[in-house]
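Written below as structure tokens is the structure these notes are about.
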Amino acid sequence: MIVRRLAQLYVGLALYGLGIALQVASRLGNDPWDTLHQGLARQTGLSIGTWIIIAGVAVMALWIPLRQRPGIGTISNAILVGLFADLFLWALPHPGTLALRWGYLVSAIVVGGFATGCYIGAGLGPGPRDGLTTGLAARGHSIRVVRTGIELAVLAAGWALGGTIGIGTLVYAVAIGPLTHVFIPMLQIKRAPERDDAPRRPAVPVPAEGGNAP
């Protein structure tokens with residue numbers, strides 16, 4: 001089971017990097033976080049993938065006061081998505097026509113939704129940005145309000161730095177929710193139920209009030 005979960009995790013992270021590369025290469029508008037990554041890349045000369053890694057590690061640092069615990073999937077996400085994004089940005093052919101650019105965009109969003117289902121469905125830890133959202137929501141805030149607020153702030157910062165916003169940004173915002181709603185349940189790996197004859201840990205005696213445990 002763990003082999004299958006790891007395989008699904010890493011396939012998902014590779015595909016997520018491909019989705020990012022397709023959307024950036026389309027030049028029709030990025031999702032909010034990649035608008036920020038691209039803006040930072042244009043201002044510093046570092047690659048988009050490098051900024052994906054830097055931002056992922058920085059966001060994980062914000063987990064500490066929220067008492068969120070990363071899993072192997074979280075750490076893998078923070079490192080590998082940026083590497084795969086740079087690899088595919090280098091390897092993908094330049095889409096010369098508007099039709100090809102739209103093909104890249106549509107493919108990016110579908111691939112990104114499927115990839116999200118893969119790495120979340122593997123159950124080995126959320127991505128850094130997902131964990132920040134759920135960690136803040138656990139403090140009593142609406143997850144929808146938290147996510148919207150974070151993504152609007154990131155989008156505004158990315159646009160100010162020169163990241164690309166366009167029709168692709170809007171299409172992504174509209175389509176990614178329904179796609180992940182389909183793919184996450186489809187790709188979720190359920191843990192095998194414990195067998196009735198499996199050895200069980202002995203019950204720990206509970207001391208009476210005021211007494212001491214043996």
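Between helix 2-26 and the chain there is an angle of about 20 degrees, using the helix long axis and the longest principal axis of the Cα atoms.
Computed over the alpha carbons of segment 131-192, Rg followed by Dmax gives 14.8, 48 Å. Please work out whether the chain counts as rounded, prolate or oblate from its C-alpha gyration tensor, where a ≥ b ≥ c are the square roots of the eigenvalues and a/c under 1.5 means rounded, while otherwise a/b larger than b/c means prolate and anything else oblate? Prolate shape, in that a/c is at least 1.5 and a/b is the bigger ratio. Estimated at the nearest 10 Å², the accessible area of H94 is 140 Å² with a 1.4 Å probe. Sorting 43-52, 63-72 by their mean Cβ neighbour count within 10 Å, with the most densely packed peptide first, gives 43-52, 63-72.
If you put +1 on each Lys and Arg Cβ and -1 on each Asp and Glu Cβ, how big is the dipole of the chain around its Cα centre, in Debye rounded to 20?
140
For the chain, the mean residue ellipticity at 222 nm estimated from helices alone is -23000 deg cm²/dmol, where every DSSP H run of n ≥ 4 contributes -39500 (n - 2.57) and the total is divided by all residues, rounded to the nearest 500. The modelled label-to-label distance for the pair L46/S107, using points 7 Å beyond Cα in the direction of Cβ, is 2.9 nm.
If the chain linking W90 and A160 were pulled fully straight, counting 0.36 nm for each residue of separation and taking away their Cα-Cα distance, it would gain 22.7 nm.
First select every other residue whose beta carbon is under 15 angstrom from the beta carbon of V111; then total the charges, Lys and Arg +1, Asp and Glu -1. Residues close to V111 contribute a combined charge of -2.
Other residues lying with their Cβ under 11 Å from the Cβ of I20 contribute a combined charge of -3, Lys and Arg counting +1, Asp and Glu -1.
The values are calculated or read from the model by the stated rules, or taken from the named source; none is laboratory data. On a predicted model such as this, the values are computed, not experimentally measured, just so you know. Reconstructed Cβ throughout: ideal geometry from the backbone, glycine too, with neighbour counts over all protein chains shown. Note: accessible area is taken over every heavy atom of the protein model, side chains too, but ligands, DNA and RNA are not part of it. Shrake-Rupley method; radii C 1.70, N 1.55, O 1.52, S 1.80 Å.
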